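A short worksheet on the structure shown next.
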There are 4 protein chains.
Amino acid sequence: MIRLECDYTQGAVPEIIKRLAETNLEMTPGYGEDCYYASAADKIRGEINMPEADVHFLVGGTQTNMLFISSVLRPHQGVMCAHTGHINAHETGAVEATGHKVITIASDDGTINAQQVREILDAHYADASHEHIVQPAMVYISFPTENGTLYSKAQLTELSALCRERDIPLYLDGARLGYGLMSEECDLTICDIAKFCDAFYIGGTKVGALFGEALVITNSKYTKDFRYIEKQKGAMLAKGRLLGLQFDTLFTDSLYYKISSHATSLAMKIRKAFQSKDIELYFDSPTNQQFPCLTDEQMAKLGEEFAYCYWCKSGDKHVVRFCTSWATKEEDVDKLIEAIERL
Amino acid sequence: MIRLECDYTQGAVPEIIKRLAETNLEMTPGYGEDCYYASAADKIRGEINMPEADVHFLVGGTQTNMLFISSVLRPHQGVMCAHTGHINAHETGAVEATGHKVITIASDDGTINAQQVREILDAHYADASHEHIVQPAMVYISFPTENGTLYSKAQLTELSALCRERDIPLYLDGARLGYGLMSEECDLTICDIAKFCDAFYIGGTKVGALFGEALVITNSKYTKDFRYIEKQKGAMLAKGRLLGLQFDTLFTDSLYYKISSHATSLAMKIRKAFQSKDIELYFDSPTNQQFPCLTDEQMAKLGEEFAYCYWCKSGDKHVVRFCTSWATKEEDVDKLIEAIERL
Amino acid sequence: MIRLECDYTQGAVPEIIKRLAETNLEMTPGYGEDCYYASAADKIRGEINMPEADVHFLVGGTQTNMLFISSVLRPHQGVMCAHTGHINAHETGAVEATGHKVITIASDDGTINAQQVREILDAHYADASHEHIVQPAMVYISFPTENGTLYSKAQLTELSALCRERDIPLYLDGARLGYGLMSEECDLTICDIAKFCDAFYIGGTKVGALFGEALVITNSKYTKDFRYIEKQKGAMLAKGRLLGLQFDTLFTDSLYYKISSHATSLAMKIRKAFQSKDIELYFDSPTNQQFPCLTDEQMAKLGEEFAYCYWCKSGDKHVVRFCTSWATKEEDVDKLIEAIERL
Amino acid sequence: MIRLECDYTQGAVPEIIKRLAETNLEMTPGYGEDCYYASAADKIRGEINMPEADVHFLVGGTQTNMLFISSVLRPHQGVMCAHTGHINAHETGAVEATGHKVITIASDDGTINAQQVREILDAHYADASHEHIVQPAMVYISFPTENGTLYSKAQLTELSALCRERDIPLYLDGARLGYGLMSEECDLTICDIAKFCDAFYIGGTKVGALFGEALVITNSKYTKDFRYIEKQKGAMLAKGRLLGLQFDTLFTDSLYYKISSHATSLAMKIRKAFQSKDIELYFDSPTNQQFPCLTDEQMAKLGEEFAYCYWCKSGDKHVVRFCTSWATKEEDVDKLIEAIERL
């Protein structure tokens, strides 16, 4: 069985395992005050060309989202996001558990646009009784989205301009950031992301690390006392070195981009294979997740050799997800392509 | 510089690093549904001889405390603990952030006793306006305490009996559990802990693991839906295998006990060295943390070669902490002892 | 200007003012332990024929909703409701502020049905990763709804049966309960409400009182320690007598029903007037709120003499709301009818 | 039985009842947007000579404390107060329920001083791991304290200066403000309170109103969006007129001060009576609460005719509380004094 159902089934790039072993008995201060943590943060600041950016390494994505959002919002404020957004759909109400409503925006492909956000803001403040309604006060987007789709530079520019005009932070969930940036259809760089957003995170768990996400707060208005919040929510890893070392490795010699590119290009081969067979793709994803619409028979057939993830029904077809990752073997993808061709 | 200031400066026992490397590219399901997680949980259930116990592997101690406490208490309830208890003193209000008051009990050595808890409960329910006061509804203890001290079997028996009589859970923070259990002065086994408490955790971060704590809920009344809580608080590690594998290793061939015993016996050598020099020990600790009261001069002298942790002032002396761990080298301890002898 | 924009512009029925004055200098115990509070609770228990029901008098509706919901749900649980439900739309995230997600159900008229709730529950538990999603664990309905519509006995029976089958509480917001019960189209009695729901509240603020809502918890599973929650959320009125006395008055000689009937029958006159002019009613409301769709001109014309509440646009028309209440004068309604006829 | 156990057993000053009756059927906008609310706020702004102050009328004290504190603090921050402070001792953890720790300061008489606050702040920031500890970020004091004692102008000046130096708000709970201001021993005016504090509330529930507290936020840094917070916590009274009208009445012709003075001077007569009999007063209270230390016999004797409140044991004596209020009759106090003399 070749497993392609998700992008976090395996450990980490060998470089990370090697360095973990090598440094295992080094004595370092705890809680993110070691040299590896500092070095990794520096590399990320260099990468985005923002020497003042605030970088925190956290363990997981839900944690990162919950921390940043609850650190910034006041009690009566909520965060806008696509109804498919991870914070709305798959984090067991982590944001609400910190007291804040997730204000959903309908979305076909997982993205939202400036116009939708503007309408919510305008409607809110136009309402004479707006104090009876949660105040929309942050925008959350995912890049790539949960459906594998991307924002273009034009879209992000517009969203960012609106947020700045209205003085609300724009936060980007980059659980699969690398897979987005390395897509051929992506016209954004990590510097653009850093420039357009007030905060974003660079996903490690799904992109080469054992675990870990790098939260980058680029707007200094939102950095104050973040380490207290980190500790309070149980997110400050005692041996912060483990996080620092992983991101230090990923951001040495462009490793993060190389492994991301590997995954994305394999996904594009899968995409083409489906397209060649005239099998519809439910979302038009240029990244590492592909969502073909299969008949019962096709689904069964592919299921004999490949593990995929069931997504939803679409008419009389079934949408399933195939994922590639930094660790996916080209030969496995080739086998899948052959199987698709045989359908 | 020989670093003895805390017990989480180094990585993990080599067996763990070895297995991490070996299994790195294995594909396993996420979120704690893999075979290593299951195996580790089984071993712990075997260890405490409770085949029905609920075991969850979490990343850190603050997280574990906050999760269990907030999962069990209703909004108007609080948790009793020594004023020195970690949840009261060093977790940035993580418990309060979930809505619950920490009800403190004065303590000289870090332990609390059944009589103190009984008085709080009796006073609460005797007060005609008790609905205006947070309801004391759980007992939190640390073993060993933050001061290195231990509960005796008699003390724990009494505390447990009271809690059961009043139907409130007894929860034990075992961040350094191994170092307590392996103390020569300890008359409790892990089975006793499991039997007397409704839930407890087996610390990994400070005892041999890279990170990780094993929460064991022995009273089935408190297990329902715990995984939802785990996900909501950002505590469900995507690659749960990493936690499972670590605890599986620690609970193979009694490794957890062996490495704990190593640390505790080295600490006893340090303790004796101070006692031989008539240097007072601020807490009477039979575990891996030692708290000598030093003069300015002694402190400076030892500081030339050894890193310790400053604790507090005591009269004109300074209390500092020396910690041993699973990774402490006997030769380093011998050097410290020589230095103590030369004071 | 005749004001018909909402149902809480005026004080209380004269009987209440009279008794407040008469008892003003009586000395009574605080916090709901006085004889008026007890008497009112008894009358309500008698009214619903449930001698064991738990009755609490609270100050307002948002408070009542937030208290009951947060008292019952565990941290990972959410409450289902129509997207138009007051807790979702007009309480500034009060429920989320206690940590719980509001799980919305699309609704045309403000009601939801058993089938919709069943689908959410089934989908939740069918999802292999349901622990990543807020657990749907309570149903909130309003009666009448925010749009003036009602549940039939058949609908409520079915909803209640489903909730009991799945062991989740059914909670009814009765801010305008009287106006619903006294509608000619209503086939439910207050005893039915009490029997089918696990908890509900009888609105006073909009129905004859200066302020106050009577929360009735009929399922003993949800009553424990409620007074603690009340105090904690700042909802325990020091002079509870003020609430007791008001509800005691309202539930003497069927006053609550009489004044409700007055408002509803006046609303029916308004409804007929609009229908006679072939002016569409946006919601088919048999209760005290009426929602005509007006042209710009009609809206302006009526606005000269009458205050109404703007609701929303509908095509090229405007939906506005006219409300009657216990205090509305028949002559004012007659003037409105004349004005409608002149449109 | 003459009841002197607390100061909220009776209704309101007759002027309030009269105006409630007179205005009962007036139609006013809801939620604090009526003319009475505006007028009352204006009078209070005039009273403190701060035309820009933000005034909100709320229903009760616990609610007011919880609202202001949770509106201002960020998640990792706590509020310092005397261990006897109402928010710590008698509000069922309302502050913790909004996520914030109450950081207690030991106090003999209910007051705290600048030195104690300075020590907490200094110790916090001196601690290298202060991010592991709740950040002390607000000071809460009561005036009069729960024990009837007062801050002098010198004490308040010093506390205020410290808070401003460290940029943390000073908040004063004035549940019994009038009884403090009208004490002969008080050297503070309401203008001083307004000037030295960043926010405070003027208690109505215990001082002449049916219910209600006037929160006055004098530092504009803490006023933003407060009405959202009010609505979210269920504290925005639909018929805000009821609150406005009460405070408008209390602040017309100095009524608030006159009725406060009445209570305080009666309490002074009681105080002297106890002193004349050499009965120790547990707290040296110059306000409306008196705390004599009685023998079993004395307690029983007085209990035959008078209701008091039991406070605590003190050696072999019992501390009880006698309260006067705006409604206490001089003849009742005279009867108490005779009884004391007969002891």
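Bear in mind these aren't lab numbers, they're just calculated from the coordinates by the rules spelled out. Note that this is a predicted model, so its numbers are computed, not measured. Every residue, glycine among them, receives a Cβ derived from its backbone with ideal geometry; neighbour counts consider all protein chains shown.
Compute the label-point distances linking A:Asp42 to its equivalents in the other copies; points lie 7 Å from Cα along Cα→Cβ; give nm, one decimal, shortest first.
So the label point of A:Asp42 gives 4.8, 6.4, 7.9 nm to the other copies.
Taking R0 as 51 Å, what FRET efficiency do you get between C:Asn49 and A:Asp122 from their Cβ-Cβ distance, rounded to the nearest 0.05?
With a Förster radius of 51 Å, E is 0.50.
With charges set only on the Cβ (+1 for Lys and Arg, -1 for Asp and Glu), what does the dipole of segment A:14-250 come to about its Cα centre, in debye to the nearest 20?
Value, rounded to 20: 580 debye.
Of all DSSP beta bridges in chain C, what percent run antiparallel (nearest 5)?
Roughly 55 percent of the beta bridges in chain C run antiparallel, per DSSP.
Could you state the number of Å between the C-alpha centres of segment D:307-343 and segment D:36-81?
Taking the Cα centre of each part, segment D:36-81 and segment D:307-343 sit 33 Å apart.
Which of the lysines could a cross-linker bridge to A:Lys239, judged by Cα under 25 Å and excluding same-chain residues fewer than eight apart?
Once the sequence-local lysines are set aside, what remains near A:Lys239 is A:Lys18, A:Lys43, A:Lys206, A:Lys224, A:Lys231, B:Lys18, B:Lys206, B:Lys231, B:Lys233, B:Lys239, B:Lys258, B:Lys329.
What are the extents of the Cα atoms of segment C:117-244 along their three principal axes, listed from largest to smallest and rounded to whole Å?
Ordered largest first, segment C:117-244 gives principal extents of 51, 40, 25 Å.
If we restrict to alpha carbons, what Rg and Dmax does the protein assembly as shown come to, in Å?
Reported Rg and Dmax, both Å: 33.1, 108.
Based on the Cβ-Cβ distance of D:Arg342 and D:Glu280, what FRET efficiency does E = 1/(1 + (r/R0)^6) give at R0 = 22 Å, to the nearest 0.05?
The pair D:Arg342/D:Glu280 has a calculated efficiency of 0.75.
Show that you can apply the helix-only estimate: for the protein assembly as shown, add -39,500 (n - 2.57) for every DSSP H stretch of four or more residues, divide by all residues, and state [θ] at 222 nm to the nearest 500.
Helix contribution divided over all residues of the protein assembly as shown: -12000 deg cm²/dmol.
Looking at the protein assembly as shown, what % of its DSSP beta bridges pair antiparallel, to the nearest 5?
55 percent
Could you work out the Kirkwood radius for segment B:38-93, taking every pair of different alpha carbons, averaging 1/r and inverting it, reported in Å?
Here the Kirkwood hydrodynamic radius works out to 13.4 Å.
Longest span of chain C, sites excluded, free of GluC sites (Glu not before Pro) in DSSP loop with at most 15 other C-beta atoms within 10 Å?
With GluC sites (Glu not before Pro) excluded where exposed in loops, chain C gives C:53-183 as its longest stretch.
Are there trypsin sites (Lys or Arg not before Pro) in segment D:215-245 that DSSP puts in a loop and that have at most 16 other Cβ atoms within 10 Å, and which ones?
D:Lys224
Starting from the Cα of C:Asp187, move 7 Å in the Cα-to-Cβ direction to define the label point; list residues of segment C:252-287 whose amide nitrogen is under 18 Å from there.
Those under the cut-off are C:285-287.
Round to a whole angstrom and tell me the spacing of the C-alpha centers of segment D:192-270 and segment B:163-235.
The two parts, judged by their Cα centres, are 48 Å apart.
What FRET efficiency comes out for the pair B:Asp334/C:Ser129, r = Cβ-Cβ distance, R0 = 41 Å, nearest 0.05?
0.20
May I have the pair-distance distribution P(r) for segment C:14-250, computed from all Cα-Cα distances with 10 Å bins from 0 and rounded to whole percent?
With a bin width of 10 Å, the distribution comes to 8, 33, 36, 17, 5, 1, 0.
Which residue, A:Ser70, A:Ser260, A:Ser276, has the most motion in a Gaussian network model of chain A that connects Cα atoms within less than 10 Å?
Evaluated over chain A, the most mobile residue of the options is A:Ser276.
Segment A:245-343: Rg/Rh from Cα coordinates, Kirkwood Rh?
Taking Rg over the Kirkwood Rh, I get 1.04.
Where the convex hull is taken over the Cα atoms of segment D:41-163, what is its projected area averaged over directions, in nm²?
Computed as one quarter of the Cα hull surface, the answer is 8.5 nm².
Given the options B:Val207, B:Val319, B:Val216, which has the most mean-square fluctuation in a GNM of chain B, springs set between C-alpha atoms less than 10 angstrom apart?
B:Val319
List the residues whose amide H sits under 5 Å from the amide H of B:Asp187, counting only those 5 or more places along or on another chain, with H placed 1.01 Å from N in the peptide plane.
B:Lys153
Put a dot 7 Å past each Cα toward the Cβ at B:Glu304 and C:His83; how far apart are the dots in nm?
Roughly 7.5 nm, to one decimal.
Expected output is a single nm value to one decimal: the length gained when fully extending between D:Asn219 and D:Lys272, i.e. 0.36 nm times separation in residues minus the C-alpha distance. What is it?
Length gained, D:Asn219 through D:Lys272: 15.1 nm.
Over segment C:1-106, what lengths in whole Å, largest first, do the semi-axes of the equivalent ellipsoid take, defined as the square roots of 5 times the eigenvalues of the alpha-carbon gyration tensor?
Value: 31, 22, 14 Å, ordered largest first.
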